[in-house]
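Contents: one structure, followed by commentary.
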């Protein structure tokens, strides 16, 4: 077994160590490992794309590998140099250089799948071998550990010169020295035009001396961008501009520097160790995990806590650069844990009540000095002019409004824009990390190819994730476990068009891997083997990798000692209040949530088991089709999701016809014969069609939706109106002989009036407030509204015709926009006049005074003709203004896909009747004095179907009996509910009255089971 590992960073080292460790315990598993690295030594990005004063934002407790820990007295966050030394020590401790074949300064040119494995072609990058020919070697397994942060992502900004060649050349390093621009005595050369601007990627930056006395512009507000801004401030830059595309979410790597009622909290707690295990990552019900409830709840609590402590919910003491509402939360984005530049960004933006500042406040670090330059936040640059002046993107954000009158002419531009992933060395038959189906590591069809370290946690570290990925892959190669293909619930909630799609929730991801491998410790076994202390530490601790070495296939003899010392220390440092607020209370809350989910699941399983014999069976092929998991980055790629309420199309259609099911049984044929005889001899029998449970059909609640509703009102001014009632309404239409729907003017249209005091379309302004809610509030509001709409705003519609008529009735229920499209009309709405309107935040804005529906023009006019067609008629007035006033106006150009939708107070019924055969002459139709016939006409209306003309010919019409009825609790018709009391009385009389009487009349059983 020959294994090729591409890369020599943390992921590659821990993969090699994991495989070699497995080889020591399994005599049948003997990997020969070759590591290819383009650089001259191990460490990857941490060694070769680092810069001075850089530190890890993840804590040592989480970043360290599970069985090779840092000393307890070591500081929580390592510098990059310290972490590289840690990797060196790791390599030495496990003898990786002796047991692996390291090929440094070697680049893999191409890997091709061949019979027997993977053929790698590689090239030496040493100057001594520059003319050497490429070499090839066959490997049975390939592991790609090249990392996420290798190839710089550089946007194209018109006017900026290309980036420099190679890394920054440092002649006089500043290291950690600090200064301000006013103290710099020597003359500083500034760029006079765009061609003199120095541009580089952050991976090329090495020392802050580059910024000394310069005008600096940094693109990107990730953790590296924040570091670059801080380095520029401390280097004495003359001006620092930090550009952001759509904001960021800032939270410091260490929780400290709060003042509450005069008491200073300086616990120095790393935030990546504050999440508890029990009921948050361990023992989480699948329904709760699928709903991401923990993410939304924690976002809700953290935002309120941040507001109470710092005065803003955008981030921890973050007063500018907030994310858009639909992305504001740890469920949607990566936390920016580099907070050293935030005090300089906040200058001029912080606006908090002095009274609240006396209660709680966030302290700036003592290293922040008032004479140091501020950091100006700006949008991304659109272009740079020849004179070097930057033109920024106009995005309407508050940093954009402030920078519009500023002239920015940088000397140095740094792209802190992250990295992109390239796999051009893999031939086209290989997958890539975004397409592998098994935990983003490998494909179950070909586990000989793995990608380790290609997911990024929102809060956490990649190295421990890589360790657990390597453990999973090793177990698969040893045939110890099956490939896990269950639906994942650990991806961050990003859109399909997002730039970064490999984000995961750290604790959800590693706990999923642990369950797949059988290393997640059951509480009972953990208590039995390691005692109460270790069990409580596991419950209150975060998802540290050492927890998953206590039991299972990767059990380690030193794991208990690490848990009882180092990890126990992280819990002790929280204190009593911290463990209560961040441990016990969330644990109890999520315990109840998971318990409720478990009870509901058991109830559902019981109901499903009882009703299974009555449910249609799915074919084996269909079950296999739906049982196959797809693999990509989104929940929708693994299982079909229900359409959100706000995205339901406005036309919710129901179609009912006479459907017959073929049956071979004698009873079915007898029933059909009986029904046919009954239809001939009895005039009271009716054929029915029905739309059950329609609603809520949703309308747009912006200006367009209101105007469409008023245009539909004008169009339907002369149509019949049906209201929710149990009493049928009689309506007559002309049947069509066509078997297909000719056009929208076939049949007839009616208005279904569902309006009530609690069921009206909100104004555009109210809808705008609904749309502007943050994601969590909008999610809760939509969830509550959907339940209320389902139970309280659903209706059933029944249409019946005489059974002896060979007719097929079709009903479609649509909304205003659909009826305008189908109704054979052209309508137009225009904005009329503008006026200055006061806004809530002060000032006046020029907005449309009102919008009107100017015309409703039919495409075809005329009265119903003799061809059994109904067409729409022109209203009496061609122009009937319907206004949307300015105080209801949001904006007319709002994206239709994102417009809030609410139940339509008026719906429209399209009713089409077709002839499907020859009518059966009604029995006893001449006997109008028949009591049954008279009763039927009194209750249901006239049942006559033929009208004689002057020439003796008959024109056939169809009397349709329509009943529109409210459904209580979403399923119970009003008539059925009104019958509840009589039925209950009948049950009481039958059980306690009729049943004892019948029991007394039946003969008693004698001995031997015979009747007496």
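The values are calculated or read from the model by the stated rules, or taken from the named source; none is laboratory data. In this text, all values refer to a predicted model and were calculated from it rather than measured experimentally. All Cβ positions, even for glycine, are placed from backbone atoms using ideal geometry, and neighbour counts span all protein chains on display.
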Filter result (in a loop (DSSP other than H, G, I, E, B), closer than 12 Å to residue 251 by Cα and touching a strand residue (DSSP E or B) at 6+ places or on another chain (Cβ under 7 Å)) within the stretch 280-321: 315, 316, 317, 318
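Considering only the stretch 223-245, I want to know if a residue exists there that is assigned to a loop (DSSP other than H, G, I, E, B), in contact with a strand residue (DSSP E or B) (Cβ under 8 Å, 6 or more places away or on another chain), closer than 30 Å to residue 573 by Cα and modelled with pLDDT under 95. Walk me through how you get there before you give the answer.
Quick first cut of the stretch 223-245, residues assigned to a loop (DSSP other than H, G, I, E, B) only: 235-238, 245.
Filter again for in contact with a strand residue (DSSP E or B) (Cβ under 8 Å, 6 or more places away or on another chain), leaving 237-238, 245.
With the extra rule that they be closer than 30 Å to residue 573 by Cα, the set shrinks to none.
Within the stretch 223-245, not a single residue is assigned to a loop (DSSP other than H, G, I, E, B), in contact with a strand residue (DSSP E or B) (Cβ under 8 Å, 6 or more places away or on another chain), closer than 30 Å to residue 573 by Cα and modelled with pLDDT under 95.
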Subset of the stretch 311-327 (residues that are under 24 Å from residue 264 (Cβ atoms) and buried (at least 22 other Cβ atoms within 10 Å of the Cβ)): 315, 316, 317, 318
Any hit, the stretch 128-145, residues being in a helix (DSSP H, G or I), within 28 Å of residue 237 (Cα to Cα) and at pLDDT below 95: no
Failed condition for residue 7, given (1) buried (at least 23 other Cβ atoms within 10 Å of the Cβ); (2) on the phi < 0 side of the Ramachandran plot: (2)
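Sort out which residues of the stretch 437-461 are assigned to a loop (DSSP other than H, G, I, E, B), touching a residue at least 12 places away in the same chain (Cβ under 8 Å) and more than 17 Å from residue 5 (Cβ to Cβ), and write them in order of number.
From the stretch 437-461, those assigned to a loop (DSSP other than H, G, I, E, B) are 437, 439-441, 444-445, 447-448, 452-455, 458-461; that's our starting set.
Then drop every residue that is not touching a residue at least 12 places away in the same chain (Cβ under 8 Å), which leaves 437, 439-441, 444, 447-448, 452-455, 458-461.
Of everything in the stretch 437-461, those that are assigned to a loop (DSSP other than H, G, I, E, B), touching a residue at least 12 places away in the same chain (Cβ under 8 Å) and more than 17 Å from residue 5 (Cβ to Cβ) turn out to be 437, 439, 440, 444, 455, 458, 459, 460, 461.
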Extreme residue, nearest to the chain's Cα centre (by Cα), among residues of the stretch 490-525 that are surrounded by fewer than 20 Cβ atoms within 10 Å (Cβ to Cβ) and assigned to a helix (DSSP H, G or I): 515
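Rundown of residues vs (1) in contact with a helix residue (DSSP H, G or I) (Cβ under 6 Å, 6 or more places away or on another chain); (2) farther than 30 Å from residue 178 by Cβ, yes/no style:
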site	(1), (2)
357	no, no
364	yes, no
367	no, no
375	yes, no
379	yes, no
383	no, yes
386	yes, yes
395	no, yes
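Taking the stretch 63-85 as the search range and keeping residues that are assigned to a strand (DSSP E or B) and in contact with a helix residue (DSSP H, G or I) (Cβ under 9 Å, 6 or more places away or on another chain), which one is surrounded by the fewest Cβ atoms within 10 Å (Cβ to Cβ)? Steps first, answer last, please.
The initial filter retains those residues of the stretch 63-85 that are assigned to a strand (DSSP E or B), namely 65, 68, 79.
Within this subset, residues satisfying the condition of being in contact with a helix residue (DSSP H, G or I) (Cβ under 9 Å, 6 or more places away or on another chain) are 65, 68.
Numbers: 65: 21, 68: 16.
Once the filter is applied, the top-ranked residue is 68.
Looking only at residues that are free of Cβ contacts under 8 Å to residues at least 40 places away in the same chain and in contact with a strand residue (DSSP E or B) (Cβ under 8 Å, 6 or more places away or on another chain) in the stretch 421-436, which one is surrounded by the fewest Cβ atoms within 10 Å (Cβ to Cβ)?
Step one: of the stretch 421-436, the residues free of Cβ contacts under 8 Å to residues at least 40 places away in the same chain are 424, 428, 431-432.
Next cut, in contact with a strand residue (DSSP E or B) (Cβ under 8 Å, 6 or more places away or on another chain) only: 431-432.
Details: 431: 17, 432: 13.
If we take residues in the stretch 421-436 being free of Cβ contacts under 8 Å to residues at least 40 places away in the same chain and in contact with a strand residue (DSSP E or B) (Cβ under 8 Å, 6 or more places away or on another chain), then 432 is surrounded by the fewest Cβ atoms within 10 Å (Cβ to Cβ).
May I ask you to list the residues in the stretch 86-115 that are free of Cβ contacts under 8 Å to residues at least 60 places away in the same chain and not in a loop (DSSP other than H, G, I, E, B)? Steps first, answer last, please.
We begin by selecting, within the stretch 86-115, every residue free of Cβ contacts under 8 Å to residues at least 60 places away in the same chain; these are 86, 88-89, 92-93, 95, 97-98, 114-115.
The answer is 86, 88, 89, 92, 93, 97, 98, 114.
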Identity of the residue in the stretch 134-166, surrounded by fewer than 18 Cβ atoms within 10 Å (Cβ to Cβ) and closer than 19 Å to residue 4 by Cβ, that ends up nearest to the chain's Cα centre (by Cα): 140
Qualifying residue in the stretch 711-724 (condition: under 23 Å from residue 785 (Cα atoms), modelled with pLDDT of 50 or more, in contact with a helix residue (DSSP H, G or I) (Cβ under 6 Å, 6 or more places away or on another chain) and part of a loop (DSSP other than H, G, I, E, B)): no
Residue count, the stretch 1-50 (criterion: over 36 Å from the mean Cα position of the chain (by Cα) and assigned to a loop (DSSP other than H, G, I, E, B)): 12
Positions within the stretch 317-327 being over 18 Å from residue 358 (Cβ atoms) and over 24 Å from the mean Cα position of the chain (by Cα), in sequence order: 318, 319, 320
The stretch 257-270, subset touching a strand residue (DSSP E or B) at 6+ places or on another chain (Cβ under 7 Å) and in a loop (DSSP other than H, G, I, E, B), residue nearest to residue 574 (Cα to Cα): 267
Subset tally (residues that are touching a helix residue (DSSP H, G or I) at 6+ places or on another chain (Cβ under 8 Å), without any contact (Cβ under 8 Å) to a residue 24 or more places away in the chain and assigned to a helix (DSSP H, G or I)) for the stretch 540-576: 0
